[in-house]
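FYI, it's all coordinate maths here, none of it is from the lab. Not measured: the values here are computed from a predicted model. Heads up, the Cβs are rebuilt from the backbone with ideal geometry, glycines too, and the neighbour counts pull from every protein chain shown.
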Amino acid sequence: GVPGVSVDVLVEPFYEWVVDASGIKGARPEISGVTYVDDPMPYIERKLLTVNTGHSAIAYLGYARGLATIHAALRDAAVREGATKALEETGLLLAHEHGFDPEELREYRQKVIARFENPRISDEVTRVARAPIRKLGHDERFVGPALRLMEMGREPRHLAAVVRTILGFDHPQDPEAVELQETIRAGGERRALARYAGVEEDHPLVDLVLERSDPARG
């Protein structure tokens, strides 16, 4: 795994087998479905910023719309568009930092979303969205890429819109959701977001998140 980034897909909706070839001596065995790479880190990050970011984005946007499952959430036009646009932003980052071909990334995103649409492996949005404080973390799936995009001079407004919905996640059976809402009630959204995202209260990302109305709420 990658330090500081959690992986929590219950039923893995996207299967890929990337093998670090740097330690293989001689011929590489031909195994169906295996991709050999000299540096696996870009592919690990591609998975994290597409599968994990996408799964969570659908969950938070879906929860905001009162939808129960990932499958149902993806059938909602606002949720689908919000999640897709957020993944287009992470795709910009992946292309810039790792040199992935934009068309290859677009096809990868489509494969991932197609697997999320499968009702047989659909998950409850409240489970996928659990632990919102952790997912607001500085190096996690939303804030992390958003900060790096801002360093590139980009405005990650769709990632910011998803972060906005995380602040509204109030599932009563989720201890972190309860804590998050208590923190917001005590000091406001700006202070809570800055605290959990590990940035200053006047950081441009905080401004961007809080100035955006949540697209999933209409």
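Provide the gained length on full extension for the span Glu179 to Asp207, in nm with one decimal, where the gain is 0.36 nm per separating residue minus the Cα-Cα distance. If you can, show how the numbers build up before the last one.
Numbers: separation 28, 0.36 × 28 = 10.08 nm, distance 2.23 nm.
Net length gain for the segment: 7.9 nm.
How would Glu97, Glu151 line up from fewest to most surrounding beta-carbon atoms within 10 angstrom?
Working: Glu97 14, Glu151 9.
Listing Glu97, Glu151 from fewest to most nearby Cβ atoms yields Glu151, Glu97.
Could you check the spin-label model distance between Met152 and Arg106? Points 7 Å from the Cα along Cα→Cβ, value in nm.
Simple spin-label model gives 1.6 nm for this pair.
Averaging sequence separations of C-alpha pairs under 8 Å and six or more residues apart, then dividing by the length of region 102-188, give the relative contact order as a whole percent. Don't skip to the answer; put the middle values down first.
On the way: 53 pairs, mean separation 21.0, N = 87.
Reported as a whole number, the value is 24 percent.
For a quick protection proxy, order the peptides 71-77, 58-64 by their average other-Cβ count within 10 Å, most packed first. Could the numbers behind the result be given before it?
Details: 71-77: 18.6, 58-64: 29.3.
Per-residue Cβ counts within 10 Å, averaged per peptide and sorted highest first, yield 58-64, 71-77.
For region 17-217, report the translational diffusion coefficient in µm²/s to the nearest whole number, using Stokes-Einstein at 25 °C, 0.890 mPa s, and a Kirkwood Rh over Cα pairs. Present the calculation step by step, with values, prior to reporting the outcome.
Details: Rh = 17.6 Å.
Translational diffusion coefficient: 139 µm²/s.
Order by neighbour count: Glu81, Glu182, fewest other Cβ atoms within 10 Å first, most last.
Values: Glu81 14, Glu182 11.
Arranged by neighbour count, lowest to highest, Glu81, Glu182 become Glu182, Glu81.
How do the peptides 42-52, 183-193 rank, highest first, by the average count of neighbouring beta carbon atoms within 10 Å per residue? Intermediate values should be presented prior to the final figure.
Details: 42-52: 20.1, 183-193: 15.9.
Highest mean packing first, the order is 42-52, 183-193.
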